[in-house]
Amino acid sequence: MSLKSERDLNPTGRSNVARAKAAIQSQNYDYAITLFQAVLKDEPLYLEGRVILRAVEIKKYKATGSFARQMASMRLSGSIMKLTSAKRTPQEQLIHAEEVLAQDPYNVKANASLGDAGMELGYPEFKCFAYETLSEGKPNDKAILNTLAEAYMAAKDAAKAEKTYEKILEIDPRDGDALSGLKNASAANASKVGKWDTATDYREILKSKSESEQLEQESKVVKSADAITDQIALNYEKHQAEPTNPNHSKAIAQLYVQRNDYASAIPWFQHAFEAGGKVDSSLEKTIGDLRLKNTEQELQTLRTQLAEQTEPEAQAQVQATIEEKEKELNDVRLFQAEARVRAQPNEGEFRFDLGEALYKIGQYKRSTEELQQSLKQPSVRYQALNLMGQAFMKRGMMDFAVKQLALAQSELPVMDEIKKEITYNLGLAYEVMKQPEKSLDQWKMIYEYDMSYRDVAARVEASYGGSNEDAA
C-alpha cells in the first residue's frame, strides 16, 4: 500500500479538502484544521494533507502570543499523557498526536509519536516530516537533526541526509555519529548521481559481478528472512576484518531490527557505541529505545501466556515472571531517561521522564529533584507537580506534598483528567494528615463532576451514612 494523494480520497474527503483550502484562503484556520483532521482520520496515509495541515497550524501558532501559547501547553497535559499512557495502534497514535499538534505543532512528544506510528506502518516519510517540523522549531538541536538524517536514510533520500549531517557538523565538528553518517550518506548519494546513472549496465564500473550484487543487495530494503540472514553474514565478515569499526556493528544491528529481533540487535548497537568511544548520544538513545521495545515485547508474550493458563500454580509462576519483567521495564525506562537528559539537560520533558522513572523504582528524593527541574516546561508542569506531591508523600513530607498538589490544583481552571487525579491525591494527603474534612472536600469537588471517578462516590456517600441507595 502506498501513500495517498488527494485524488485517492473518497468524495467526502475531497470535498472537505476543497473546503479546508478555501478556509485557509479566508484565514479561517480553526475550521481548516478541523476539516483536515476529519480527512486524516478517515485516510491516515494522506501525508500531503498532513503537510498542509501542519503549515496552517504553524501559521496560527506563530500568530499567537506567548501567554496564550503557555496556557495552551498547560491544557495539553492530559492529551500528552494519552500518547504514552497505553499501547495503541499506529492509526490511534496518529489521531492523538494530531490533537496535540493542533495546539502546539512543535511539541516533541507528539511529533515523535507521529514519526514512530508512520514507521510502524512502513512509511519513513512520516518520520522525516515529523522531524523536519521539529528542526524548524529547534534548528540547532543535534539530537533532532541526527534523527532527521537517519529518517532520510530510511526513506532512501541520501541527498537530504547528507545536507542534514553537514548541518550537524557545522554545529559540532566532532559529532561522531554525524561524521560516520555523512560518510554513508555521501556514498549512497554518489551511487545515485555518479557514473551509475549513465552506464548501460552499472556492473561494468565495478571490479566484479559479485561485488556489484553485494552492493545492490545492501542498498535496498531487505524484506525476506533469507536476505536478512545473508546480509548479516556479509556484514559479520566485515566486522571480523575491522572489529573496531562501529559502522559494521550498526549495520548488523539494523538488520536485526528489520526482523524485530531486538534482543539480538541490542548487543551490536552496544558494541558500536563502545567502539565509537561512548560519545554518540543518539546511539545511546537507540539502545534505550530497543531495550524498552524488547522488554515490552517479552511482557506482551507473558501476558498472553498468563491468559492461556488454567492451572493456579502455572498462573502464579507466570505472574511472578511478569512482575520481574515489569521491574526490568522500569530499569530500562530509567536508563533511557538518563541518556536523554545527558544529551539534552535543558529539555524539561526529558527531566520529567527521568523524574517519573526514578519515582517508579522508589528513588523518591532524586525523583523530586528532577521533577523540580521540569516545572518550567508548560506541557508537563502539572504532571510534575502531581508526581512531586506523591513523592513527598512517600517520603513522609506531607506539608510539602500538600503544597505541590494545592498549587497545581489552583492553577488548573477545568476539572479534566489531570485535575481530577491531582485533587484525588490531595484528598489522600489530607487523609494521611488526619484532616478528614479537608480530604472529603477534595473528593466532593470530583464528585460534582464525575461520580464514577475511582472510589469517590463510595467515599462521599459514606460520609452521609448508610448506603444512599435509591428508596424503593
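Can you tell me how many residues in region 405-445 are of a type in the set (A, V, I, L, M, F, W, C) and open to solvent by 60 Å² or more (accessible area, probe 1.4 Å)? Even if it seems obvious, please write down each step before you answer.
Filtering region 405-445 down to residues of a type in the set (A, V, I, L, M, F, W, C) leaves 405-408, 412, 414-415, 418, 422, 426, 428-429, 432-433, 440, 443, 445.
From what is left, the residues that are open to solvent by 60 Å² or more (accessible area, probe 1.4 Å) are 407, 414, 432-433, 445.
Looking only at that region, the number is 5.
Find all pairs meeting these conditions: Cβ atoms under 6 angstrom apart; at least six residues apart or on different chains; first residue within region 321-346 and over 15 Å from LYS360 (Cβ atoms) and part of a helix (DSSP H, G or I); second residue open to solvent by less than 60 Å² (accessible area, probe 1.4 Å) and among the aliphatic types (A, V, I, L, M).
Between residues of region 321-346 that are over 15 Å from LYS360 (Cβ atoms) and part of a helix (DSSP H, G or I) and residues that are open to solvent by less than 60 Å² (accessible area, probe 1.4 Å) and among the aliphatic types (A, V, I, L, M), the close pairs are THR321/LEU302; ILE322/LEU302; VAL341/LEU354; ALA343/ALA143.
Residue-wise test of (1) closer than 24 Å to TYR61 by Cα; (2) over 21 Å from the mean Cα position of the chain (by Cα); (3) surrounded by fewer than 18 Cβ atoms within 10 Å (Cβ to Cβ).
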position: GLN103; (1), (2), (3): yes, no, no
position: GLU120; (1), (2), (3): no, no, yes
position: LEU134; (1), (2), (3): yes, no, no
position: LEU145; (1), (2), (3): yes, no, no
position: LYS160; (1), (2), (3): no, yes, no
position: LYS163; (1), (2), (3): no, yes, yes
position: GLU166; (1), (2), (3): no, yes, yes
position: ALA178; (1), (2), (3): no, yes, no
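Can you tell me how many residues in region 1-13 are open to solvent by 60 Å² or more (accessible area, probe 1.4 Å) and of a type in the set (A, V, I, L, M, F, W, C)?
Of the residues in that region, 1 qualify.
Might you check whether a residue that is at pLDDT 95 or above, more than 21 Å from GLU328 (Cα to Cα) and of a type in the set (Val, Ile, Thr) occurs anywhere in region 372-386?
no
Listed here are the residues, each with its yes/no results for (1) aliphatic (A, V, I, L, M); (2) open to solvent by less than 60 Å² (accessible area, probe 1.4 Å).
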| residue | (1), (2) |
| --- | --- |
| SER15 | no, yes |
| LYS21 | no, no |
| SER26 | no, no |
| ILE33 | yes, yes |
| LEU45 | yes, yes |
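Looking at the structure I just gave you, is LEU375 surrounded by 18 or more Cβ atoms within 10 Å (Cβ to Cβ), in contact with a helix residue (DSSP H, G or I) (Cβ under 6 Å, 6 or more places away or on another chain) and in a helix (DSSP H, G or I)? Before the answer, list the steps.
Details: surrounded by 18 or more Cβ atoms within 10 Å (Cβ to Cβ): yes; in contact with a helix residue (DSSP H, G or I) (Cβ under 6 Å, 6 or more places away or on another chain): yes; in a helix (DSSP H, G or I): no.
When the stated conditions are applied, LEU375 does not pass them.
Let's see how each residue does on (1) open to solvent by 60 Å² or more (accessible area, probe 1.4 Å); (2) in contact (Cβ under 8 Å) with a residue 12 or more places away in the chain:
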{"site": "SER264", "(1), (2)": "no, no"}
{"site": "TRP268", "(1), (2)": "no, yes"}
{"site": "LYS278", "(1), (2)": "yes, no"}
{"site": "ASN294", "(1), (2)": "no, yes"}
{"site": "GLN309", "(1), (2)": "yes, no"}
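Give me a count of the residues in region 347-366 that are farther than 15 Å from ALA143 by Cβ and outside any helix (DSSP H, G or I).
Adding up the residues that qualify gives 3.
Which one of the conditions (1) of a type in the set (Lys, Arg); (2) more than 29 Å from GLN373 (Cβ to Cβ); (3) assigned to a helix (DSSP H, G or I) does LYS434 fail to meet, given that it meets all the rest?
For LYS434, the failing item is (3).
Within region 390-401, how many residues turn out to be within 13 Å of VAL432 (Cβ to Cβ), of a type in the set (A, V, I, L, M) and either open to solvent by less than 20 Å² (accessible area, probe 1.4 Å) or within 25 Å of the chain's Cα centre (by Cα) (or both)?
Summing the residues that are within 13 Å of VAL432 (Cβ to Cβ), of a type in the set (A, V, I, L, M) and either open to solvent by less than 20 Å² (accessible area, probe 1.4 Å) or within 25 Å of the chain's Cα centre (by Cα) (or both) in region 390-401 gives 1.
Conditions (1) at pLDDT below 60; (2) in a loop (DSSP other than H, G, I, E, B); (3) open to solvent by less than 70 Å² (accessible area, probe 1.4 Å), marked per residue:
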site: LYS183; (1), (2), (3): no, no, no
site: ASN189; (1), (2), (3): no, no, yes
site: SER210; (1), (2), (3): yes, no, no
site: GLU237; (1), (2), (3): no, no, no
site: SER249; (1), (2), (3): no, no, yes
site: ALA253; (1), (2), (3): no, no, yes
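Mind telling me which of the residues PHE273, PHE352 ends up being aromatic (Phe, Trp, Tyr), open to solvent by less than 60 Å² (accessible area, probe 1.4 Å) and closer than 22 Å to ALA253 by Cβ? So that I can check it myself, show each step before the final result.
Values: PHE352 fails: closer than 22 Å to ALA253 by Cβ.
Just one listed residue meets the conditions, PHE273.
Determine the pairs where a residue that is in contact (Cβ under 8 Å) with a residue 12 or more places away in the chain and farther than 13 Å from GLU166 by Cα, located within region 134-152, has a partner that is of a type in the set (Lys, Arg) and open to solvent by 20 Å² or more (accessible area, probe 1.4 Å) with Cβ atoms under 8 Å apart, the partner being 6 or more residues away or on another chain.
ALA143/LYS285; ILE144/LYS138; THR147/LYS127; ALA151/LYS127; TYR152/LYS160
Are any of the residues in region 82-89 within 23 Å of ASN245 (Cα to Cα), surrounded by fewer than 24 Cβ atoms within 10 Å (Cβ to Cβ), of a type outside the set (Ser, Thr, Tyr) and without any contact (Cβ under 8 Å) to a residue 40 or more places away in the chain?
Here is the first cut: in region 82-89, the residues within 23 Å of ASN245 (Cα to Cα) are none.
Scanning region 82-89 turns up no residue that is within 23 Å of ASN245 (Cα to Cα), surrounded by fewer than 24 Cβ atoms within 10 Å (Cβ to Cβ), of a type outside the set (Ser, Thr, Tyr) and without any contact (Cβ under 8 Å) to a residue 40 or more places away in the chain.
Looking only at region 16-29, decide whether some residue is closer than 21 Å to GLY118 by Cα, modelled with pLDDT under 90 and in a helix (DSSP H, G or I). Quick ask: steps written out before the conclusion?
Filtering region 16-29 for residues closer than 21 Å to GLY118 by Cα gives none.
Within region 16-29, not a single residue is closer than 21 Å to GLY118 by Cα, modelled with pLDDT under 90 and in a helix (DSSP H, G or I).
From the list ALA161, ALA97, ALA117, exactly one residue is in a helix (DSSP H, G or I), without any contact (Cβ under 8 Å) to a residue 60 or more places away in the chain and farther than 24 Å from LEU292 by Cα. Which is it? Please lay out each step first, then the result.
Working: ALA97 fails: farther than 24 Å from LEU292 by Cα; ALA117 fails: farther than 24 Å from LEU292 by Cα.
After applying the criteria, what remains is ALA161.
May I ask you to say which residue of GLU369, GLU338, GLU324 is more than 22 Å from ARG395 (Cα to Cα) and surrounded by fewer than 18 Cβ atoms within 10 Å (Cβ to Cβ)?
Numbers: GLU369 fails: more than 22 Å from ARG395 (Cα to Cα); GLU338 fails: surrounded by fewer than 18 Cβ atoms within 10 Å (Cβ to Cβ).
When all the criteria are applied, what remains is GLU324.
Could you go through region 381-389 and let me know if any residue there is within 30 Å of GLU431 (Cβ to Cβ) and open to solvent by 30 Å² or more (accessible area, probe 1.4 Å). First the steps, then the outcome.
Initially, region 381-389 is screened for residues within 30 Å of GLU431 (Cβ to Cβ), giving 381-389.
Within this subset, residues satisfying the condition of being open to solvent by 30 Å² or more (accessible area, probe 1.4 Å) are 381.
Yes, region 381-389 contains a residue that is within 30 Å of GLU431 (Cβ to Cβ) and open to solvent by 30 Å² or more (accessible area, probe 1.4 Å).
Out of all the residues in region 59-78, which are surrounded by 14 or more Cβ atoms within 10 Å (Cβ to Cβ) and either small (Gly, Ala, Ser) or modelled with pLDDT of 90 or more (or both)?
Once the filter is applied, which keeps residues that are surrounded by 14 or more Cβ atoms within 10 Å (Cβ to Cβ) and either small (Gly, Ala, Ser) or modelled with pLDDT of 90 or more (or both), region 59-78 yields ALA72, SER73, SER77, GLY78.
Among (1) surrounded by fewer than 17 Cβ atoms within 10 Å (Cβ to Cβ); (2) of a type in the set (Val, Ile, Thr); (3) modelled with pLDDT of 95 or more, which single condition is ILE361 missing?
Condition (3) is where ILE361 drops out.
The values are calculated or read from the model by the stated rules, or taken from the named source; none is laboratory data. All values derive from a computational prediction rather than experimental measurement. With ideal geometry, Cβ positions are generated from the backbone for all residues, glycine too; neighbour counts draw on all protein chains shown. Side chains included, ligands, DNA and RNA excluded: accessible areas come from the protein's heavy atoms. Shrake-Rupley method; radii C 1.70, N 1.55, O 1.52, S 1.80 Å.
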